[in-house]
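Report on the following structure.
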Amino acid sequence: MNQPLATDYNVPETLDSLACDVLERASAQGIDAAEVAISAGEGLAVTVRDGACETVEHERDKSLAVTVYLGGRKGSATTTDFSGDALAETVAAARRIAEHGEVDEHAGLAAPEFLARAVPDLDLDHPWDIDAEHAIALALECERAALGHDPRIRQSDGASVNRYRGTRAYANSHGFHGAYRGTRHSISAVMIGADDGGMQRGYWYSSNRRPELLEDAAAIGRTAGARTVAKLGARRIATTALPVLFENRVASGLIGHLVGAISGGAQYRRASFLLDALGETVLPASLSLSERPHLPAGPASAAFDSDGVATTPKTIIDGGRLTTYLLSAYAARRLGRTPTGNAGGTHNLLLSPGTRSLEEIIASLDRALLVTDLMGFGVNAVTGDYSRGASGFLVERGERVHAVEEITVAGNLKTMLMGITEVGSDIDPSASVQTGSILVDRMTIAGGGAD
C-alpha cells in the first residue's frame, strides 16, 4: 500500500497556512486573542579531525508555539507534533494555563496599527546544494591548509562545514500572518599549536546566507593557523592601565551590552546601567548606531518582529545621543510608549565606522592592549561593572610586541562606551552587529606577570 507523502514544513506557504489553521482552532474554542509562532528547518553539519570525518549530523526540526490571552491572563504551550489532534490539544493546553494565570494589564497582542502590512522579499533564502561527501571534502581542505601553514601547528581541534535552511511563520487574531525562509552557512577551523613555551588554540570562521560569499576553505584554514601561531609565547603582563583595542569580532560584544541596557525589558525592570537614559549622551558625539532591518540578504533582516510588528530602519543613537529604546509590544505598554519592532531582538546593527583599518590603528598606538579573545561572564548589566578574562597582544610603538594571556580587562560599561576614541573600518558585513574594531581610551588590566 502506498504511504502518504510527508509534509515538507520548511516552506513559507505551508507554515503560513498552518498558523492560520491554529488560529481558527483557537477561535473555535472561544478564544478571540491568540498568536502562533512556527519554525521549521533542515541542515547538515560535518566535522573532521586529523584527516578523518568525526561527525555527520543531518538536522530536521520543527516547533509550534501558541499563546492565548484571556482577560489579561496569558497562557502558552508548544508542540513538535503538527497533527490535527496535537494542535487542538496544544491550543487547549494554552487556554488552561491562561485560566490559572495572574492578570497582567499589559499583556496582549500588538495593536493592529503597528502590525506589518506586507512581507517583502528580503533575499534571505540562498540554499547550499552540498551533500555530506562534498562537505567533508571541503572541511578536510580547510584542515589541511591549517595544518600545513606552520610546523608549529601540531594538531587539529576540528574543521567544520555547516549549512542550514529554515522557515519562520507568525500569525495573530488581529488578522496578521506572514512567513519567510532564510539560510545560514559557515566554515570554521580550530587549531592547536605548540612550542617550547607551551600550547595555544586559535580559530577562524566565515559565515553567510550566500554560500558563494563564504571565504575560501583553504584561506580559512590558513588564517586559523596563522592566528594560532601568533599566540605562541603568550605571557601575562604586570597589572596596569592602558588603552584597549577590541578586535571587531569581540567589539560587537560591547555593542551587545549597550543594546541590552536600552531594551524595554531592562528599562521596565529597572535593571540597566543606562536606566532612563533616553535623550542622554551614551556614546561620543562622533558615533551613531543604526538598525537596518530591510538590508537585502542581511544576516538579521526581517520584515516583522516576534509580535508581528513592522520593522523599520532607524537611528538608535544619533551623534552619541540615545533616541529610542528597543521595545516589544509588551515592553512598550509597560513604559507607556509605542513598539519599535524589536520583539525578539535587533536587525542588522551598524556602528558608524571610522576610516582607518585595524593595522593602521595599531600603528598609531604608543602602548596598548589588543584584545582578540574574551572569556567569562563578568558583566553586571545593572551597574555596568565589566571584568572579563582576555587574551591578545601587547602593542608598543605601533607594533605587536608579544602575545598576552591570563589577564583580566576591567572597567565600567558606561565609562567604556563614552571612552571610545576610535572605531575601525574593518566591518564584517556577515555579522548581525556590524562594527569595526573599537579603541577604548583606558581600562584596568589585571595581570601579575613582568613586562
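Since every read-out is calculated from the coordinates, none of them should be taken as a lab result. Remember, it's a predicted structure, so these values are computed and weren't measured experimentally. Reconstructed Cβ throughout: ideal geometry from the backbone, glycine too, with neighbour counts over all protein chains shown.
Structural remarks
- Rounded to the nearest 10 degrees, the angle from helix 132-147 to the longest Cα principal axis of the chain is 20 degrees.
- Phi angles across the stretch 33-39 convert, under the Karplus curve 6.51 cos²θ - 1.76 cosθ + 1.60 with θ = phi - 60°, into 3J(HN,Hα) values of 9, 8, 9, 10, 10, 10, 9 Hz, Gly and Pro given as x.
- Rg over Rh [alpha-carbon atoms, Kirkwood Rh] for the stretch 234-451: 1.00
- Once the gyration tensor of the Cα atoms in the stretch 270-357 is diagonalised, the equivalent ellipsoid follows with semi-axes of 22, 20, 9 Å, ordered largest first.
- Kirkwood-type hydrodynamic radius, the stretch 328-415: 16.4 Å, calculated from all non-identical alpha-carbon pairs.
- Karplus-derived HN-Hα couplings along the stretch 54-71 (A = 6.51, B = -1.76, C = 1.60, θ = phi - 60°), whole Hz, x at Gly and Pro: 9, 9, 10, 10, 9, 9, 9, 9, 7, 7, 10, 10, 10, 10, 10, 10, 10, x
- Estimated vicinal HN-Hα couplings, Hz - the stretch 232-246 in sequence order (Karplus 6.51, -1.76, 1.60; Gly, Pro = x): 5, x, 5, 8, 6, 10, 5, 4, 7, 10, 9, x, 10, 9, 8
- The helix-based estimate of mean residue ellipticity at 222 nm for the chain, built from -39,500 (n - 2.57) per DSSP H run of four or more residues and divided by its residue count, is -7000 deg cm²/dmol to the nearest 500.
- Measuring nothing but alpha carbons in the stretch 12-224 and taking Rh as the Kirkwood radius, the Rg to Rh ratio lands at 1.16.
- In summary, the convex hull built on the alpha carbon positions of the stretch 216-300 has an orientation-averaged projected area of 10.1 nm².
- Measuring gaps between exposed loop sites in the chain (GluC sites (Glu not before Pro); DSSP loop; at most 15 other Cβ atoms within 10 Å), the longest gap, sites not included, is 106-279.
- Radius of gyration, Dmax [the chain; alpha carbons; angstrom]: 24.5, 78
- The trypsin sites (Lys or Arg not before Pro) found in the stretch 279-342 that occupy coil by DSSP, while having at most 16 further C-beta atoms within 10 Å, are Arg337.
- Rounded to whole Å, sorted largest first: equivalent-ellipsoid semi-axes of the stretch 364-444, Cα gyration tensor: 20, 17, 14
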